[in-house]
Amino acid sequence: MARVFSGIQPSGGMHLGNLLGALRNWVAYQHEHDAVYCVVDLHALTTAPDPAELRDNTVAAATMLMSVGIDPDRSTLFLQSSVSEHAELAWMMECTVGFGELRRMTQFKDKSDRSEFVSAGLFTYPALQASDILLYDTDLVPVGDDQRQHIELCRDIAERFNRRYGDTFVVPAHVIPETGARVMDLQNPDDKMSKSLESAGTVGVLEDPDSVTRKFKRAVTDSDNEVRYDPAAKPGVSNLIGILAAATGQNPVSVADEYSQYGPLKSDTADAVNELLNPIRDRFAELSSDPAEIARVLAAGADKAHTVAATTLERARTNAGLIPRQPT
Ligand code: AMP
Ligand code: TRP
């Protein structure tokens, strides 16, 4: 059975982009693949979040993954920091990736431009991400479009390591959905939707239905009043069409054909999104009432993940010439 791996940062609430770009595929893959999903709390440390907030966001992220339909009986669900092999292999990945390769990462450029303090961890972030993926002999990595460059770098790292030290890692491929891979901000449709939930341009997965509807009604479009799917020329309208298409499993061009005015497009998109989010909100409320169950799921997931990760790490260590650890 092919192995699927993906991760999500526990930084604030999840939004519609996370759901349509990534999480829906995660859920779909758990049925016929060996799926491993991770809340990447070590990655969150790159921007020094408040500790209490990090703790809350980490538990909320795991709860959210279960709420969208990740079934712990089918998938392995765990926290990155619970499996120390991630940090250990990351060092070997840092010694395999080039400084120049890391410097070209657009996510680093964006994030470092926006921050006062740029940690070394933010720079080497893709090395830790490669470690996450390669530890599980991953075949497929379902992600949104913004992660394409990181996964391609992970492939390059795996191939370089295999050339240097002999066959060690499976070289993974990304899986990016046809619709929903790049959900844009409703107010600034040239920017992707991101985790600032107070923003009028971001739709939170747990946001109440009236607020969701209001945000869609106020979404930025343009003044020519023509419903047409053309992301370059009409980013706002095309974003709404893309969201409606992704939420209802249709093709954006045929969705566009059904509308001649912006008003009905906006209200139908809001309704389709609320229909998608309502059961997730209910399930989140239900699961949140039993934190011990979430903790149990994560502990069992970490145990399963550790078994696979330890074997791969040992192979990488041995191939690179490190002396096996003495059994204790
Ligand atoms: P992050 O929240 O950055 O940890 O991202 C988690 C997953 O959601 C990754 O696979 C991202 O590619 C995906 N994602 C994040 N923002 C968007 C967006 N605006 N549209 C589509 N996918 C997204
Ligand atoms: N960097 C990813 C993001 O910001 C999160 C991530 C960390 C990830 N490790 C991963 C995604 C491994 C896929 C596979 O969205």
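Each value in this text was obtained by applying a stated rule to the coordinates, not by laboratory testing. Quantities reported herein were computed from a predicted structural model and do not represent experimental measurements. FYI the Cβ positions are ideal-geometry reconstructions off the backbone, even for glycines, and counts take in every protein chain you see.
Observations, loosely collected:
- Sum of -39500 (n - 2.57) over DSSP H runs of 4+, divided by residues of the chain (222 nm, nearest 500): -16500 deg cm²/dmol
- Label-point gap, in nm, between ASN162 and LEU45 - each point 7 angstrom along Cα→Cβ: 3.0 nm
- Set of region 17-35 residues, backbone N closer than 14 Å to the point 7 Å along the Cα-Cβ line of ARG283: 19-20, 23-31
- Rounded, prolate or oblate (a/c below 1.5 giving rounded, otherwise prolate when a/b exceeds b/c) for region 162-299 by Cα gyration tensor: oblate
- Cα gyration tensor category, rounded, prolate or oblate, for region 117-168 with a/c compared to 1.5: oblate
- Each of PRO291, THR307, ASN278 was scored by the projection of its Cα onto the charge dipole of region 274-328, and the greatest displacement toward the positive side belongs to THR307; charges sit on the C-beta of Lys, Arg, Asp and Glu.
- For the chain, lysine pairs separated by 8 or more sequence positions, or belonging to different chains, with Cα-Cα distances below 23 Å total 16.
- Helix 291-320 vs. the chain, principal-axis angle (Cα, 0 to 90°, nearest 10): 50 degrees
- Region 1-137: mean projected area of Cα convex hull, nm²: 8.6 nm²
- Enclosing the Cα atoms of the chain in their convex hull gives a volume equal to 146 cubic angstrom per residue.
- Distance from region 258-296 to region 45-99 (C-alpha centre basis), Å: 24 Å
- A Cβ-based charge dipole, computed about the Cα centre of region 1-109 with Lys and Arg at +1 and Asp and Glu at -1, lands at about 400 debye.
- Helix 120-134 axis versus longest C-alpha principal axis of the chain: approximately 80°, rounded to the nearest ten.
- Cα gyration tensor shape for region 28-69, rounded if a/c is under 1.5, else prolate or oblate: oblate
- Using alpha-carbon coordinates, inclination of helix 85-94 to the longest axis of the chain, degrees: 90 degrees
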